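K.L.:
Here it is: the structure, laid out below.
Read-outs throughout are calculated quantities, based only on the coordinates presented, and are distinct from any laboratory measurement. What you see is a predicted model, and the numbers here were worked out from it, not measured in a lab. Here Cβ is always computed from backbone atoms with ideal geometry, including for glycine, and neighbour counts include all displayed protein chains.
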Amino acid sequence: MYVCICKKVTDSQIRHAVLDGRVSHLRHLRQECGACSDCGLCSREAGKIIQEALKETALLDACLPAA
């Protein structure tokens, strides 16, 4: 689903950017792909997706065996 229509950024793109370690904050998302930088109407939804993905990442890390 498109989250930022102005820059054509989807929820999947945001999640992948978080999982890849490129994004952990809206500021990073703006720098990475320009999302949330035009009208700003997508900021709230993009922020929620970032937070959800960060929680998923933390859960994945917790499930991995210690090296």
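K.L.:
From the set of residues in region 45-64 that are in contact with a helix residue (DSSP H, G or I) (Cβ under 8 Å, 6 or more places away or on another chain) and small (Gly, Ala, Ser), which is surrounded by the fewest Cβ atoms within 10 Å (Cβ to Cβ)?
P.N.:
The residue in question is Gly47.
K.L.:
Would you be able to tell me the number of residues in region 1-44 that are in contact with a Lys or Arg (Cβ under 7 Å, 6 or more places away or on another chain) and buried (at least 18 other Cβ atoms within 10 Å of the Cβ)?
P.N.:
So the answer is 3.
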